[in-house]
Structures are given as C-alpha cells and as structure tokens.
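Novice: Have a look at this one.
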Amino acid sequence: MNFKILIGIPPKNHVNLAMDEVDGLKSLGNNCETIIYTRNNSSLSVLNKLIGVISNAFELAKHLRQFQPDFLYLNSRFEPVGSTRDFITLVIFKYFVRNSFKIGIKSHGSNFDIFKKKSIFYRKLVLHFLIKNVDIWWFLSQDEKLTIEKFNKVMFDKTFVTPNIIDRKRSVSSPLFLEKYNLPTDKFTFLFVGRMVKEKGVFNIIKSIPLFHKRDNCIFVFVGDGNEFNEIKLLAKQVNVEKYVRFLGYLPEAECDQFYANTDALVFPSHDEGFAMALFKSVACGMPIITTQIRAAKDYLKEPDNCLWVDGKSSISIGQALSKLYDNQEMRQTMQINNKILGQKFSREIIMKEMENKIREVIQ
C-alpha cells in the first residue's frame with residue numbers, strides 16, 4: 001500500500017534536498033504533492049510575520065482539503081520562532097481541515113532553550129500542542145534526540161534520526177570551472193562554504209592563516225554571505241592575509257556544489273550544526289576535512305579516518321590542523337577513500353526508504 005503525502009518545502013534554501021526527498025517518496029510509489037512552507041523574512045515586523053504565517057497556513061489548509069493526504073510532512077526548525085509557526089499552522093488545520101491525516105516534522109535546526117522557557121505560551125500551548133499532535137519528529141543527529149529525552153519522554157518516543165540526502169553527482173571536477181573562478185592548479189585549495197558569521201568559525205579560519213607555515217603554497221576560498229561578511233573581509237586585511245583568500249559571496253546552490261569536486265580540502269569549524277550540507281557534500285566527494293566534533297559530524301566521522309577535529313573557537317587549533325593535514329599526504333588520501341565510501345550511506349534510496357517505513361508505521 002502506498003500513500004498520499006503533502007510535503008511543505010522551502011522556496012530558496014536547500015530546494016534540491018527537499019525535491020530529492022519528494023522524488024524519493026515518489027519513486028517508492030507514493031502520490032506526493034508539494035507546497036511552500038517556510039519561515040518569514042526576518043526583517044518583517046512581528047505583525048507582518050504573523051500575517052504571513054496565517055496566510056500560508058490557510059493556503060496549506062486548502063491543499064489539505066483538496067488533496068486529502070494520508071500524511072503531511074513539514075520541513076521546519078525546532079526553536080521558538082519555528083515552533084510557534086508550526087503551532088499556529090497546525091491549530092488552523094485542526095479547526096479548518098476535517099479530513100484525517102498523520103503529521104511529521106523534520107527539524108533542520110534546533111534550539112532546546114524552548115524547553116526551558118517559563119512562558120505559559122510556550123510550555124502550556126506551543127510545546128504541549130505540538131507534542132500531542134505531531135506523530136513523527138525527525139532530527140538530524142543523535143545528540144538532538146538524546147537532548148529531547150532529557151526534557152520530554154513523549155516527544156522522545158516519537159523522535160527519529162535521519163541524515164539528509166547527498167547526491168555527489170552534482171559536483172563534477174572540471175578544468176573549465178577552475179578557470180571560471182581563477183582557481184590555481186599549482187596551489188592547495190582549502191574551501192569554506194556557509195554563512196559568513198562568527199558562529200560558523202569563519203573568523204578563526206582567517207586568524208589561523210598567519211599561523212599556518214605553508215600558507216604560501218595554498219589558497220583559501222570562501223563561498224557564502226552573511227551579516228558579518230564585510231567584517232570578515234576587513235579582518236583579512238588587518239591580519240595581512242588578503243593574498244591568500246578569495247571571497248566569492250553568495251552563489252546559487254547548483255553552482256556552489258561544484259566547488260566540492262574542484263578544491264582540495266574543506267575547513268568547516270562551525271560552532272553549532274545539525275547535519276551540515278557543506279560538510280557532508282564534502283564527505284560524498286571524498287574531500288579531506290577539518291571540522292568540529294558536534295552533532296551529525298560526531299555521529300558519522302572519525303579522526304583521522306575521515307577528518308581532523310578542531311576547536312572552532314580557537315585559531316591556534318585550526319592552524320595546527322591546517323599544517324597537519326597539508327603535511328600528511330597519506331592521511332589525505334586515506335580520508336578521500338573513506339569519505340567516498342561513507343558518502344554512499346546518504347543516497348536518496350537508502351534514506352527515503354527508512355523515512356517511508358516510519359510513515360507507514362504511524363499510518364497503519
């Protein structure tokens with residue numbers, strides 16, 4: 001027996017991931033439809049954000065009445081703002097949608113301070129309602145699941161861990177790509193992909209370059225933008241490493257993906273992640289990796305088989321790892337082999353079959 005599944009997807013970030021999941025569920029014989037489900041523009045006023053959430057919820061409700069799915073699958077975040085949006089949306093469904101369906105939420109980020117809030121709104125309304133009405137919670141790491149167990153046993157029993165889908169075919173080695181971005185073939189290229197903010201550890205990458213003894217043989221490529229982008233470029237100037245760095249700013253996901261097959265190693269010292277797509281796209285492409293021992297990285301990677309661990313808040317730690325990785329070609333080759341093998345675990349077929357099995361359990 002196959003199912004009718006309505007899937008809430010983002011309009012911009014990680015669209016490929018969302019559509020990979022849709023295609024995976026369809027390939028298993030399910031009848032799937034999609035609708036936009038996303039967080040509001042952070043620059044909007046609280047009132048306008050609320051209006052946007054309610055408007056989107058009624059649009060979803062209309063689809064639910066028309067499509068009459070067996071299962072509603074929403075991509076969201078487990079934190080105060082995201083959970084409030086989910087709460088408002090599901091309350092509207094409860095009172096305006098009469099057909100019966102099960103509900104699953106996949107959290108692409110979490111902040112468990114929501115459990116500690118003293119506000120009655122969160123404790124008695126938002127969390128209580130969501131935990132009662134959501135049938136499956138998917139999180140991206142064992143660390144998140146174990147944290148949930150400390151706060152709420154009912155939610156823990158509904159919580160499962162799933163990785164994201166990674167399609168390494170989207171990244172292809174290409175001399176034309178190197179030429180397009182003027183990436184030298186005679187230098188070792190370290191790559192960072194992500195938001196340009198302190199929480200991603202990017203400031204400490206810049207500070208680590210003067211400590212790296214082989215920096216003249218290397219180049220550091222930064223892909224992404226963010227609120228602190230200009231501050232990071234200024235820091236590079238202040239510590240006199242401008243000649244070693246390339247800041248490329250925001251690039252579309254499909255273009256960004258090509259860097260994983262056309263650079264030599266990933267440096268990703270983020271302070272807080274669930275299942276970082278940049279990290280695991282690098283794994284699937286067989287890149288040597290420098291990263292922090294957090295959440296999904298801790299679940300799947302081992303040192304030195306797959307990566308070198310660093311303290312993302314320490315430029316000294318990052319600088320030492322840069323030297324260790326650069327100096328040890330045998331280590332890099334071992335990481336390349338191991339990471340390509342590991343990357344096969346994140347195929348669309350494997351992940352979506354596991355998720356469909358959970359959907360089947362709650363429906364039947």
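Novice: Hey, what's the Cα Rg ratio for the chain versus the globular rule of thumb, 2.2 N^0.38 Å?
Specialist: Here the answer is 1.05, to two decimals.
Novice: Quick check: residue separation of residue 176 and residue 341 times 0.36 nm, minus the Cα distance between them. What number comes out in nm?
Specialist: 56.7 nm
Novice: Want the number for residue 364 to residue 350: 0.36 nm per residue separation, take away the alpha-carbon distance, what's left?
Specialist: The residue 364-residue 350 span can extend by a further 2.9 nm.
Novice: Then there's this: Counting only heavy atoms of protein chains, what accessible area per residue, in Å², does the chain have with a probe of 1.4 Å?
Specialist: 47 Å²
Novice: Now for a different question. What nm distance separates the two modelled labels at residue 213 and residue 167, each placed 7 Å from Cα along Cα→Cβ?
Specialist: Here the answer is 4.5 nm between the modelled labels.
Novice: Continuing with this model, one more query. Leaving out same-chain residues fewer than 8 places away, which lysines sit with a Cα under 17 Å from that of residue 117?
Specialist: The reachable lysines, counting only those whose Cα sits under 17 Å from residue 117, are 150.
Novice: Using only Cα positions of the range 215-364, each an equal point scatterer, no hydration layer, compute I(q)/I(0) via Debye at q = 0.21 Å⁻¹ and quote the log10 values to two decimals.
Specialist: -1.52
Novice: The range 108-130 to the range 76-93: how many Å between their Cα centroids?
Specialist: Distance between centres, Cα-based: 10 Å.
The values are calculated or read from the model by the stated rules, or taken from the named source; none is laboratory data. What you see is a predicted model, and the numbers here were worked out from it, not measured in a lab. Note that each Cβ is placed from the backbone with ideal geometry, even for glycine, and that neighbours are counted across all protein chains shown. To get the accessible areas, we keep the full protein, side chains included, count just its heavy atoms, and leave off ligands, DNA and RNA. Shrake-Rupley method; radii C 1.70, N 1.55, O 1.52, S 1.80 Å.
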